[in-house]
Each structure stands twice: as structure tokens, then as C-alpha cells.
1. Taking the range 172-190 only, how many residues are farther than 17 Å from residue 220 by Cβ and outside any helix (DSSP H, G or I)?
2. Residue 313 is checked against (1) open to solvent by 20 Å² or more (accessible area, probe 1.4 Å); (2) at pLDDT below 80; (3) farther than 30 Å from residue 172 by Cα and fails just one. What number does that condition carry?
3. Can you tell me which residue is farthest from residue 287 (Cα to Cα) among those in the range 239-271 that are open to solvent by 90 Å² or more (accessible area, probe 1.4 Å) and of a type in the set (A, V, I, L, M, F, W, C)?
4. Those residues that are at pLDDT 80 or above, in a strand (DSSP E or B) and open to solvent by 10 Å² or more (accessible area, probe 1.4 Å), I need them from the range 21-50; list them, please.
5. Report, ordered by the first and then the second residue, all pairs with beta carbons closer than 7 Å, sequence separation of six or more or different chains, a first member in the range 295-306 that is within 15 Å of residue 269 (Cα to Cα), and a second member that is of a type outside the set (A, V, I, L, M) and surrounded by 13 or more Cβ atoms within 10 Å (Cβ to Cβ).
6. When you look at residue 18, is it modelled with pLDDT of 85 or more, open to solvent by less than 30 Å² (accessible area, probe 1.4 Å), closer than 15 Å to residue 66 by Cβ and not β-branched (Val, Ile, Thr), yes or no?
7. Considering every residue within the range 159-177, establish whether at least one is hydroxyl-bearing (Ser, Thr, Tyr), open to solvent by less than 40 Å² (accessible area, probe 1.4 Å) and more than 26 Å from the chain's Cα centre (by Cα).
Amino acid sequence: MTVFSGNTPKLKRKIKDFLNDRNVCFVLQTTEFGTSQERLTLLIMEGEKAYLYDIRNELVLYLNSQYPTEISSSEWEELVSEVPLLTGIVKKTPNSIDPDSSGNDSPSSNNIAETAVTYENWISGLMNGAYKTLEIVNKAAKVAKSVSDSFKGLDVKNVHVTYGGITVCFDIGQCRFLKDFTNMILKESEFKIPEGQQIAQIYSKLSDNSKSILKELAGFKTDGHYFVETESSLKRSTYKFSEMEDFFKALKDEENMIDEQVLKAKTVFVEQGITFRQLMKTGDLAITDAELKEYGIAQGGLRKAILSLIRSNHK
């Protein structure tokens with residue numbers, strides 16, 4: 001005896017035809033439970049033990065080929081009776097109106113013997129025990145489903161977001177829509193996004209340093225690194241660069257500073273705790289030539305290059 005689980009079409013018909021082709025006597029019963037009408041199908045087979053072992057293995061392989069990954073079965077349990085089954089019985093699924101899926105509440109062949117009374121008594125006793133087993137499986141299935149459902153809300157998906165030179169890790173496993181994620185970003189105190197501002201875009205950087213705009217929540221990869229631009233930052237930026245690393249790259253490529261000079265600027269900014277947002281404040285420069293000299297950047301050319309780059313990013 002075993003119990004198959006899975007909402008698969010014509011499962012009983014396929015099992016019945018398979019066993020009839022091999023002249024195996026059986027009882028087959030499907031029960032539905034739960035609001036989604038999940039199905040459990042009970043199968044009892046009768047025959048020589050060695051032969052049944054082969055048949056059940058063939059049956060499992062056959063069903064797996066018909067319904068890949070869609071059904072599973074409980075452990076096979078051995079039952080003993082002195083009265084043999086003489087045919088195949090397919091029991092009707094409760095409340096079923098589809099004969100193809102439920103079969104008939106009658107023998108699957110006309111070869112039932114004259115010992116019908118004994119046969120029915122044996123079936124009655126056997127089915128009583130089988131239904132108790134089915135009850136237990138039903139309860140176990142419900143508990144398993146409940147546990148599974150409770151874990152669905154525990155998905156963890158961490159992504160890293162940078163804004164204004166500050167990077168924060170967000171768990172977006174609970175977000176259903178992109179708007180949920182943008183609201184999390186707007187509420188992040190570390191970013192200090194002005195009240196009333198909206199996220200204009202979130203993007204990742206490609207290998208050529210160009211932007212790949214993310215428009216759907218599903219596009220965010222676990223542990224991926226993304227960048228944020230608000231509506232105001234988009235309006236006043238020329239998009240030459242929007243992060244500190246881009247600034248240093250431009251310092252080398254556009255202002256023709258050598259690696260040692262770029263490294264000096266990096267070191268000073270780190271020592272002084274200067275963020276990209278502070279560096280790029282609108283209005284008066286957030287940093288002056290005198291301050292750069294005071295911080296330790298002695299080369300006038302490097303100071304001019306830094307200030308020129310800051311101004312050019314606001315044009």
C-alpha cells in the first residue's frame with residue numbers, strides 16, 4: 001500500500017491501465033482536501049511479494065515519466081491478508097463528476113468471482129485500516145503545507161545601495177514591488193534624502209562604467225551593488241560622474257593626473273572623511289583651494305584639477 005500526492009490529471013486512470021496491463025489486483029481511491037482541492041491517491045495492490053516489488057518500481061518510474069516532479073509517494077507499506085483480491089477496484093473520488101479522473105465505483109474488469117461476500121468483507125476491513133492511514137497522511141500533509149507556507153515570507157535578499165558616497169545594505173526579501181524598495185531607500189536615515197524627494201532611478205554599473213537602469217524588483221541580484229539618483233540630483237547633474245570612484249577616474253582621464261596624484265587625493269579625502277555628496281554640494285564649493293592645501297595637497301596643479309572637476313560636474 002502507498003499514497004500518492006499531487007494534483008495531476010487522470011492519475012487514477014493511468015495507474016488503473018498500468019496495473020490492468022500487468023494483471024495486478026488492486027484498490028484505488030482518491031481523496032481531496034483543503035481549500036485548493038489537493039489530492040491524495042491511495043493504492044493497494046495484491047500479489048506475490050517479489051513480483052509486487054518489481055511492479056511498484058516500474059509504476060513509480062512510469063508515473064515519473066508521465067508527471068516529472070509533479071507527484072510524490074509515501075513509503076510502501078506491506079499488508080497481510082488470507083483472502084486475496086480477485087480484481088481491480090477503482091473507488092469514486094468524493095464529489096467528483098469527472099469519470100476520467102475518478103473512474104467507476106466498480107471492478108475494472110468483469111471477472112469478479114462468486115466469493116463476493118468474502119471479498120467485500122475483506123475489502124471493508126482493509127479499507128478501514130487504509131482510511132486511518134490516509135487520515136494520518138492528510139494531517140501530515142496539512143502540517144507540512146502550513147510549515148512550508150510559513151517559510152515563504154522568510155526569503156532574504158540583500159542588496160547594497162550607494163547614494164551620496166554612502167553605501168547601505170537593504171533586505172528586499174519582503175518587498176513585493178519596486179515601489180516598496182524605493183520607499184525603503186527614501187526612509188534610510190544614513191542617506192539623508194530631503195523630504196518630498198522621489199527616487200528617479202536605481203542602476204547598476206556595467207563593465208564600461210555605463211548605467212543599467214533597474215525597473216523591476218526581480219532584476220535585483222542578491223548581494224548586488226546599485227546606485228541611486230533622486231529627481232533633484234538628475235536635474236543638476238551632467239552625469240559625467242555621480243560617485244567618488246567616478247570622480248577619481250575623471251581626475252585621471254580628464255584632468256590628466258598621474259596615478260600618484262590620484263592616490264594622494266584619495267588618501268586626503270579618506271583621512272578628512274569627505275564624502276562625494278559633500279564634495280559636490282551646489283552653490284559655493286564645499287571645499288576650497290586653501291582647504292585642500294591645508295589638508296596636505298601641496299601641488300597646485302592637483303588642487304586646480306580637483307576644483308575644476310567639481311565645477312565641471314555642475315555645468
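The values are calculated or read from the model by the stated rules, or taken from the named source; none is laboratory data. Quick caveat, the model's predicted, so the values are computed rather than measured. Note that each Cβ is placed from the backbone with ideal geometry, even for glycine, and that neighbours are counted across all protein chains shown. When the accessible area is computed, the model is the full protein with side chains, heavy atoms only, and any ligands, DNA or RNA have been set aside. Shrake-Rupley method; radii C 1.70, N 1.55, O 1.52, S 1.80 Å.
1. 2
2. With respect to (1) open to solvent by 20 Å² or more (accessible area, probe 1.4 Å); (2) at pLDDT below 80; (3) farther than 30 Å from residue 172 by Cα, residue 313 is out only on (1).
3. 258
4. Answer for the range 21-50, where residues must be at pLDDT 80 or above, in a strand (DSSP E or B) and open to solvent by 10 Å² or more (accessible area, probe 1.4 Å): 25, 45, 46.
5. Correct list of pairs: 295/272; 297/264; 297/303; 302/261; 302/264; 303/289; 303/293; 305/255.
6. yes
7. Yes, because at least one residue in the range 159-177 is hydroxyl-bearing (Ser, Thr, Tyr), open to solvent by less than 40 Å² (accessible area, probe 1.4 Å) and more than 26 Å from the chain's Cα centre (by Cα).
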